[in-house]
Every structure is written in C-alpha cells, then in structure tokens.
Amino acid sequence: MPDRWISAALGLGGNVGDPKAAMATALAALNAHDDCRLVSVSELYRTPPWGKTDQADFFNCCALIETRLAAETLLDLCLDIERGMKRVRVERWGPRTIDIDVLTYGAAHIVTERVEIPHPRMMERAFVLMPLADIAPDMEVNGRRVSEWLSDADKSGIVRANKKREWWTTSAR
C-alpha cells in the first residue's frame, strides 16, 4: 500500500435499474472508505451503448479520487462495490447496474494480468473522455491531454443528463 495519497480517475456507468442512484451509491461507498477520498465528480451524461448496441442508453460519469490503495487493491474495491450492488457479468459490453473502471492511477503505466492502466480503450471512448474532461481536461494520458483525445472522439448522441452539478449528492436527488 502506498504511504502517500495517489490521484486516480474512475469511470462509472450503468443502464439497468436507476443508474444515477447506483453511481451515487458507488461514489458514496468510495468516499466512505478509509483509504479513498472523493475529490471531484463530473457532470452526468446519457450515452448510446458502445460495443453491444441493442440495449438501453447508458449513464456515465467520471470521478477523481485520492487513494492510499495500490492500483490492484483499488480495482478490488471497485469490484467489491459492484458485487455489493448486484452487478452480474453476463456478456461483454452488455447491460449492467453499475460499472466502475480504474482509468488512471497517478501517472503510472501498469500492466498485470488483472489491470491495465491507463485504461486501454479510454482514449477512443467519448463516453469516458467527455466526463473526464469536465474534471481533468489537462490530465495527460499516453502523451496527450484528455481534452485533445476528446477533440478526436465521436461524441454523437451523448448529452448531459443532470440539472444540478452535484447530481450525486443526497440534496440534489
């Protein structure tokens, strides 16, 4: 476990049940963990499905956290939160109640059997880049700023889905 706080970016999404409430619950669980603290949360976006397109639109957001957890331990925490919220992995890119991806972990490049950071497909996915650009437009990923990656991404069909900036808080729901 690192002895200092590391900044990490997370991508959250879902399209089953109440994805907005599920993401708010996941963000609260992350923030309640002793070794994580929520720094910033993006706007909420409604996005067309990617990969497997015969399903309902998704809702997506990104969050910046600070953590003292190692990268794989952070991934384990995200997976534990997903399981606790009844996430079932049936098919790749299929419908889900909640999905939490570790996008970045400081400036580290990590490749193990379980994790690849930065997330290997985030640079081609506007549904990740758009919310990440809300909170970290100048973050460098693979030699380019998030805002630069976003300028090249297909943003078709993606719309902001929240009325209040703090959509994930109890007072905004």
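So the values come out like this:
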| quantity | calculated |
| --- | --- |
| Residues Phe58, Phe127 arranged by fewest to most Cβ contacts within 10 Å | Phe58, Phe127 |
| Neighbour-count order for Val102, Val128, fewest beta carbons within 10 angstrom listed first | Val102, Val128 |
| For the stretch 125-173: span of alpha carbons on each principal axis (Å, largest first) | 38, 23, 11 |
| Which of Ala108, Ile135, Trp5, positive extreme of dipole for the chain (C-beta unit charges) | Ile135 |
| Residue order, fewest to most surrounding Cβ atoms within 10 angstrom, among Asp35, Asp99, Asp3, Asp18 | Asp3, Asp18, Asp35, Asp99 |
| Principal axes of the chain: Cα extent on each, largest first, Å | 42, 35, 33 |
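A short reminder: the numbers here are calculations on the coordinates, not readings from a lab. This structure is a prediction, so every number in the text was calculated from the model and none was measured. In this analysis, Cβ positions are derived from the backbone assuming ideal geometry, glycine residues included, and neighbour counts consider all displayed protein chains.
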